[in-house]
Amino acid sequence: MVGMERTVLAPLAEQEFHVSARTAVLSFIIAFGVTKALTNYVAGHLADRVGRKRLLIAGWLIAAPVPWLLIWAPAWIWVLVANGLLGVSQGLTWSTTVIMKIDLAGDKRRGLAMGLNECSGYVAVAAAAFATGWIAARTGLRPEPFYVGIVAVIAGLVLSTLVRDTTRHAALDSTGWKTIDSAATPREVFWRTTLGDRNLSSASQAGLVNNLNDGMAWGLFPLFFAAAGMNLAQIGALAAIYPATWGVLQVATGALSDRVGRKWLIATGMWVQAAGIGVVSLSSGFAGFALGAGLLGIGTAFVYPVLLAVVGDVAHPFWRASAVGVYRLWRDLGYPAGALLAGISADLLGLASAIQIVAGLTLVSGLVVAIRMQETLYPRTPAWRSEYLQV
């Protein structure tokens, strides 16, 4: 559902709706990011109260109108409404799949489970981005590229009815945790995940910056590639390289974090992301763009599943879903933050400068992780738990 937008929505804004200002063009990402972030937070609380499966099915029902709204939209506001619904849908469905896999995986394979989860999603993003670019190059920007979304809604809804709820697994996973850890109000969970806990808060800021640069890539990269003379098929291929690399490698990086730890994979990944974004900003042809997109994908693969594993390591099973919701709130606020920063910077300074600013922020985020985050692998060893509770 997200992948079908990565190639065609920014060109659609300029060519069919005549939206020229970069900030206005990226408004669809702002609508998506804000609604997704807020829904993530709500979904975390609801998952602990009404169960996971109900939220999963509800999320796909909310997604059902999205491709039709994009096909029929007579004005840009319709696109914004569609992306608001898509954000709510993503907040419910994706948060729920993450929580369910954390419930099921256990400590020793949590990174692998997150890698598999994120791999499935972002390989699909890449496939949809490539497919919609290929279709748009042959049929035009509407309606055929959005048929991909109709297929996705049907498949997602059918599959969601087949899964079992995993709430009871979270209760089983609580064995071995100290009782003091289980008593946390929603306000305390929000504080710990946002600022109070050095590991959870480090993960939250890294997640925010990761999606800030993803929001920039989603919105500005197609425009930057088009300005360099790339056609729609080439833009679709370039838009697919980043999430495809990210998606495929996450299985390996998630599993690797179960063996070597989380912290330095995250810090290194943020720095590789910054390098990839910088390469794109300094390139002017397909080969350079592809190299930069590939580096961005590699760096994101190091970061994305491992951040979720950190939250699973630290948060008690009784409030883990809520902590995932708070983390994902901050992470997905990176989408509107990135769209606003990139749009305003592009309008004032140009596309290349806007991209370079985001590269600099990504570099700094990696430094924050390197300085502030502790290693969180195997958090239940007595010495680690004692130190963590004192902190």
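Would you check which residues across region 11-31 are under 16 Å from L341 (Cα atoms) and of a type in the set (A, V, I, L, M, F, W, C) and list them? The answer is A21, A24, V25, L26, F28, I29, I30, A31.
F225 fulfils the conditions (1) within 23 Å of I344 (Cβ to Cβ); (2) outside any helix (DSSP H, G or I) except for a single criterion, (2).
For region 21-41, filtered to residues that are of a type in the set (G, A, S) and more than 16 Å from V2 (Cα to Cα), the residue that is surrounded by the fewest Cβ atoms within 10 Å (Cβ to Cβ) is A21. S257 meets all of the listed conditions (1) modelled with pLDDT under 95; (2) surrounded by fewer than 20 Cβ atoms within 10 Å (Cβ to Cβ); (3) within 28 Å of S322 (Cα to Cα) but one, namely (2). Applying the set (1) of a type in the set (S, T, N, Q); (2) part of a helix (DSSP H, G or I); (3) surrounded by fewer than 21 Cβ atoms within 10 Å (Cβ to Cβ) to S284 leaves exactly one unmet item: (2).
The residue that is surrounded by the fewest Cβ atoms within 10 Å (Cβ to Cβ), among those in region 224-241 that are at pLDDT 85 or above and not hydrophobic (A, V, I, L, M, F, W, C), is G229. Would a scan of region 278-293 turn up a residue that is under 18 Å from A206 (Cα atoms) and touching a Gly at 6+ places or on another chain (Cβ under 7 Å)? No - not one qualifying residue is present in region 278-293.
Within region 151-167, the set of residues being aliphatic (A, V, I, L, M) and surrounded by 16 or more Cβ atoms within 10 Å (Cβ to Cβ) comprises A152, V153, L157.
Only one entry in D347, D332 is at pLDDT below 90, surrounded by fewer than 24 Cβ atoms within 10 Å (Cβ to Cβ) and acidic (D, E), namely D347. On inspection, G44 does not qualify as crowded, with 19+ Cβ neighbours inside 10 Å and either touching a Lys or Arg at 6+ places or on another chain (Cβ under 7 Å) or acidic (D, E) (or both). Going by the conditions given, is W218 farther than 14 Å from R6 by Cα, modelled with pLDDT under 85 and among the aromatic types (F, W, Y)? No. Applying a threshold of 6 Å to beta carbon distances and a minimum spacing of six or more residues, or different chains, the list of pairs starting in region 88-106 at a residue that is without any contact (Cβ under 8 Å) to a residue 24 or more places away in the chain and at negative phi and ending at one that is assigned to a helix (DSSP H, G or I) and surrounded by fewer than 24 Cβ atoms within 10 Å (Cβ to Cβ) reads K101/N117.
The values are calculated or read from the model by the stated rules, or taken from the named source; none is laboratory data. Computed from a predicted model, the values in this text were never measured in an experiment. Because the Cβ atoms are built from the backbone with ideal geometry, glycine has one as well, and the counts that use them run over all protein chains shown.
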